Amino acid sequence: MKRDADAILNAELSHAIASMGHTDALMVVDAGFPVPDDAWRIDLALTRGVPRLFDVLEAVHEELVPERVLYADDVPEMNPEMDERLRTLYEGSGAELETTAHETILEYGERAKAIVRTGDFVPWGNVVIECGTDPKDWFDDESVTMPAEYERRYEEMYGESP
């Protein structure tokens, strides 16, 4: 049993997160996403709406450092609630939030390290999380210099200068 009962308990999802490296992509998708046959599919879908997309995104966010988060460019106009929730969730995380063509999100299914399917029915409810690193962990040695981009991420993540 994991010590942190609030951590992800699903063994396969926990393994996928632990397997991620810098720039690897993890997708959290709705029930209708066309998961490729050869993808690492972590199917959490139980019934319509169970689990919800944001329940899974929030749990993953607690354990995974995001560098970039991609979602369909239709979302801000066509699903503004989802857009606001994504912005709120990733605010202060150091992650760049980007929208892109829905087709591009579908193409990520071919290269994502793992795809987590939820039971949610959300228009354009497919999110790509490109993994980052925590600059505090990598640049805590005084003998190395932190690049400006990592200084910016550090300040956004911790609210202070390195």
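The values are calculated or read from the model by the stated rules, or taken from the named source; none is laboratory data. Quick caveat: nothing in here was measured; it's all calculated off a predicted structure. Cβ coordinates were reconstructed from backbone atoms using ideal geometry, including for glycine residues, and neighbour counts include every protein chain displayed. Calculation scope for accessible area: heavy atoms of the full protein, side chains included, ligands and nucleic acids excluded. Shrake-Rupley method; radii C 1.70, N 1.55, O 1.52, S 1.80 Å.
Dividing the mean sequence gap of close Cα pairs (under 8 Å, 6+ apart) by how many residues segment 1-93 holds gives a relative contact order of 29 percent.
Of all DSSP beta bridges confined to the chain, the antiparallel ones make up roughly 45%. Backbone N atoms of segment 131-147 closer than 13 Å to the 7 Å Cα→Cβ label point of residue 23 belong to residues 131-133. Restriction of the GluC sites (Glu not before Pro) in segment 85-123 to DSSP coil positions whose beta-carbon has at most 10 other beta-carbons within 10 angstrom yields 91, 110. Taking all protein chains into account, the per residue accessible area for segment 1-124 stands at 54 Å² (1.4 Å probe). Ligands, DNA and RNA aside, residue 151 has an accessible area near 70 Å² when probed at 1.4 Å. Farthest towards the positive end of the charge dipole of the chain, among the residues 139, 40, 76, is the Cα of 40, using unit charges on the Cβ of Lys, Arg, Asp and Glu.
Can you list residues from other chains, or at least 5 along the same chain, whose modelled amide H is less than 5 Å from the amide H of residue 72? HN-HN under 5 Å from residue 72: 100, 126. In segment 77-160, taking the dipole from charged Cβ atoms about the Cα centre, the farthest positive-side position among 154, 126, 88 is held by 126. By accessible area, using a 1.4 Å probe on protein heavy atoms only, the chain has 46% of its surface on carbon and sulfur. Prolate is the label for segment 22-162, because the ratio a/c of its alpha-carbon gyration tensor axes (a ≥ b ≥ c) is 1.5 or higher and a/b is greater than b/c.
For the chain, the dipole from Cβ point charges (+1 on Lys and Arg, -1 on Asp and Glu) about the Cα centre works out to 620 debye, to the nearest 20.
Pairs of Cα atoms nearer than 8 Å and 6+ residues apart set the relative contact order; for the chain it is 37 percent. The modelled label-to-label distance for the pair residue 11/residue 84, using points 7 Å beyond Cα in the direction of Cβ, is 4.1 nm. In this simple spin-label approximation, residue 161 and residue 110 carry label points 7 Å from Cα along the Cα→Cβ vector, and these lie 4.6 nm apart.
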